[in-house]
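Computed from the coordinates by the stated procedures, all read-outs in this text should not be read as laboratory data. Because the structure is a prediction, the values reported are computed rather than measured. Please note: Cβ atoms are built from the backbone with ideal geometry, for glycine as well, and neighbour counts cover all protein chains shown.
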């Protein structure tokens, strides 16, 4: 299949299966983009999510643009982005035009309660996979950073932007500064 | 020129709403007060519809708002406006990353980014767990009634789906979402 068409259709599927915020699309992206298409790795997907947290705009769109441009340049990014918003455009327009009481419908409410439970489980599986790839076996600093950010975000509601910036500084310290200077001093003793 | 105005307003929202989805809300509230395109009650309807349809919430809001203000062209233009800043910023960031992908500085920064990003998603997961499986308003201290805090049906559905995703790893997540929606209707979740 033509790569542009493939990008459009894949991201349209991702957009159509995202129920909830940006996090809800991660399990779908993992399946479609990482496992089925091999357009990026799991690590890169985590990077895009983090970058999406601290750049303007919708995280789903940011991720689509990233993967699109990596796979097929400018037009790839354009089609992936159009793809991810396409289902919303159609569905919302139809609802706004014809189904005024859509959100109050009893069936819709129950169906969405069920959907949210499934999203919860899918995100759990994603977190386990990401944990295995990004923290397990990556040393103590990675684990400590994970726990600190988790506590700061969940209990203290610290802004994601601040946490992402701090994490990059942390990475620079443990990944760049310490290996050069800390280890150098010890070797000099 | 309503279309130009719609594009510009949503472009601004896309540019300044950092962190996705519901970060657009304060901007929409302000837009409602300033332009009179929709009332605050309509905004609440929009949120309800956005949360009960697939797709990124920010995009859903833009489409709904654009449609109610200026029909189908309005829906398309508002959505394009919202998406445009992400698109441009991410193209720039992606170009930067491609150029510096072998730099040790970028590699070190990303070594901090990945555990942090995983932790941010894990924090979202914890809040999802709390809102889907716990009924915190029923909590009245430790007693025999403490179990009332658990949402049994949701927990059961979650457990079934979890086992399902482990047994049938090849099954597309979309299938489990469909199952969840059906179960939600049947169980009246």
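Remarks
- Converting the Cα gyration tensor eigenvalues of the stretch B:45-115 into ellipsoid dimensions via √(5λ) gives semi-axes, longest first, of 36, 16, 6 Å.
- Computed over the alpha carbons of the stretch B:134-187, Rg followed by Dmax gives 14.5, 43 Å.
- Separation of alpha-carbon centers, the stretch A:119-143 and the stretch B:84-106, rounded to whole Å: 24 Å
- Rounded if a/c under 1.5, otherwise prolate or oblate - the stretch B:1-55, Cα gyration tensor axes: oblate
- Site pair residue B:171 and residue B:103 shows an inter-label distance of 4.7 nm when each label is modelled 7 Å from Cα along Cα→Cβ.
- When every Cα-Cα distance of the stretch A:88-189 is counted in 5 angstrom steps from zero, the calculated P(r) takes the values 2, 9, 10, 13, 14, 10, 10, 10, 7, 5, 3, 2, 2, 1, 1, 0 percent.
- To the nearest ten degrees, helix A:140-154 and the longest principal axis of the Cα atoms of chain A are 40 degrees apart.
- Prolate/oblate/rounded label for the stretch A:136-189 (Cα gyration tensor, a/c 1.5): prolate
- Fewest neighbouring Cβ atoms within 10 Å first, the residues B:172, A:181 line up as A:181, B:172.
- Across peptide B:157-170, the average count of Cβ atoms from other chains found within 10 Å of a residue's Cβ is 3.
- Chain B: C-alpha gyration tensor shape, a/c 1.5 cut-off, then a/b vs b/c: oblate
- Kirkwood analysis of the protein assembly as shown, using all unique Cα-Cα pairs, places the hydrodynamic radius at 21.6 Å.
- Our helix-only sum for the protein assembly as shown, with -39,500 (n - 2.57) per DSSP H run of n ≥ 4 divided by its residues, gives a mean residue ellipticity at 222 nm of -24500 deg cm²/dmol.
- Degrees separating the helix B:2-16 axis from the principal Cα axis of chain B, which is the longest one: 60 degrees
- Computed from Cα positions, the angle between helix B:57-99 and the longest principal axis of chain B comes to roughly 90 degrees.
- Stokes-Einstein diffusion of the stretch A:12-144 at 25 °C, 0.890 mPa s viscosity, Kirkwood radius from Cα pairs, rounded to a whole number: 151 µm²/s.
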